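Below is one structure, written out as structure tokens, with a few remarks after it.
The values are calculated or read from the model by the stated rules, or taken from the named source; none is laboratory data. Just so you know, these numbers come straight off a predicted model, no measurement behind them. Every residue, glycine among them, receives a Cβ derived from its backbone with ideal geometry; neighbour counts consider all protein chains shown. Heads up: the accessible areas ignore ligands, DNA and RNA and are worked out on the full protein's heavy atoms, side chains in. Shrake-Rupley method; radii C 1.70, N 1.55, O 1.52, S 1.80 Å.
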Amino acid sequence: KNQVEQSPQSLIILEGKNCTLQCNYTVSPFSNLRWYKQDTGRGPVSLTIMTFSENTKSNGRYTATLDADTKQSSLHITASQLSDSASYICVVSDRGSTLGRLYFGRGTQLTVWP
Amino acid sequence: EADIYQTPRYLVIGTGKKITLECSQTMGHDKMYWYQQDPGMELHLIHYSYGVNSTEKGDLSSESTVSRIRTEHFPLTLESARPSHTSQYLCASSETRSNTGELFFGEGSRLTVL
């Protein structure tokens, strides 16, 4: 069983609308949680990285939240644009940067329609 | 944007051919990685390197091999390609000194073996 589960698997929204993507994990110990955006046919690009002590972090129209007690994270996209169409991947690290292993979710495929 | 480059971006070859996927980064990162990604699935680590002359196998068994003769260069080689090797291959790098070990990905190499 994957230790990082994302939902929904896919999502279609209209341009200008907001949406929230979910990530639940069972990874322990926990070091940090990352959200990546991956355009079709491209490599993933980092959106946010949150450590244990951080419960929210923003990057433009993207806002990530983290509840380390319930092991849940969300990525909220505000005023969606066509360019937001991509796969959003949640990644959890179990230790510090030098030795940590990364656990990848399968991603949420977001499609923004005009 | 990250300074990590992969070539070729797309490759279609016949069974039994030898192929090398190139990966180079100009950020001076000591750590480099190769991931394999199939549609709708999570990324799987197949090889990693913590520095020159250091290479290790990842979580996913792979028939490919890697080398790290120079810090900036981390090529992946398949001696005899098979249709089961058809996949997207992503190269990434990170810096040991980073508190979070953020990964920077290349654009990927899409391999199709006929």
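General remarks:
- Sorting the segments A:15-22, A:53-60, B:84-91 by their residues' average number of neighbouring beta-carbon atoms within 10 angstrom, most packed first, yields B:84-91, A:15-22, A:53-60.
- With a Förster radius of 25 Å applied to the beta-carbon distance between A:Arg61 and A:Thr111, the computed FRET efficiency rounds to 0.90.
- Simple spin-label estimate for B:Leu60 and B:Ser84 in nanometres, 7 Å along Cα-Cβ: 1.4
- Model label sites at B:Thr15 and A:Lys17, defined 7 Å from Cα along the beta-carbon direction, differ in position by 4.6 nm.
- About the centre of its Cα atoms, the protein assembly as shown shows a dipole size close to 260 debye [charges on the beta carbon of Lys, Arg (+1) and Asp, Glu (-1) only; nearest 20 debye].
- Computed magnitude of the charge dipole of the range A:4-114 (debye, nearest 20; Cβ of K, R +1, Cβ of D, E -1): 200
- Residue-averaged beta-carbon neighbours from other chains (10 angstrom radius) around B:38-50: 3
- Cα gyration tensor category, rounded, prolate or oblate, for chain A with a/c compared to 1.5: prolate
- For the range B:25-101, the list of GluC sites (Glu not before Pro) that fall in a loop by DSSP and count at most 13 other C-beta atoms within 10 angstrom reads B:Glu63, B:Glu79.
- Accessible area buried at the A-B interface, both sides summed, 1.4 Å probe (Å², nearest 100): 1800
- Here the spin labels are modelled as points 7 Å beyond Cα on the Cα-Cβ line, and at A:Ala79 and B:Arg70 they lie 4.5 nm apart.
- For the range B:1-80, a/c is less than 1.5, where a ≥ b ≥ c are the root eigenvalues of the C-alpha gyration tensor. That puts it in the rounded class.
- In the context of the full set of protein chains, residues of the protein assembly as shown present 49 Å² of accessible surface per residue (probe radius 1.4 Å, heavy atoms only).
- Computed 3J(HN,Hα) for the range A:23-36, one whole-Hz value per residue from the Karplus formula 6.51 cos²θ - 1.76 cosθ + 1.60 where θ = phi - 60°, is 9, 10, 9, 10, 4, 8, x, 10, 10, 7, 10, 10, 10, 10, glycine and proline marked x.
- Translational D in µm²/s for the protein assembly as shown (Stokes-Einstein at 4 °C, 1.567 mPa s, Kirkwood Rh from C-alpha pairs): 72
- Pairs exceeding 30 Å between alpha-carbon atoms, taken from A:Lys1/B:Lys18; A:Lys1/B:Lys57; A:Lys37/B:Lys31; A:Lys1/A:Lys57; A:Lys17/A:Lys37: A:Lys1/B:Lys18.
- Note on the range A:1-64 and the range B:41-82: Cα centroid distance 27 Å, given to the nearest whole angstrom.
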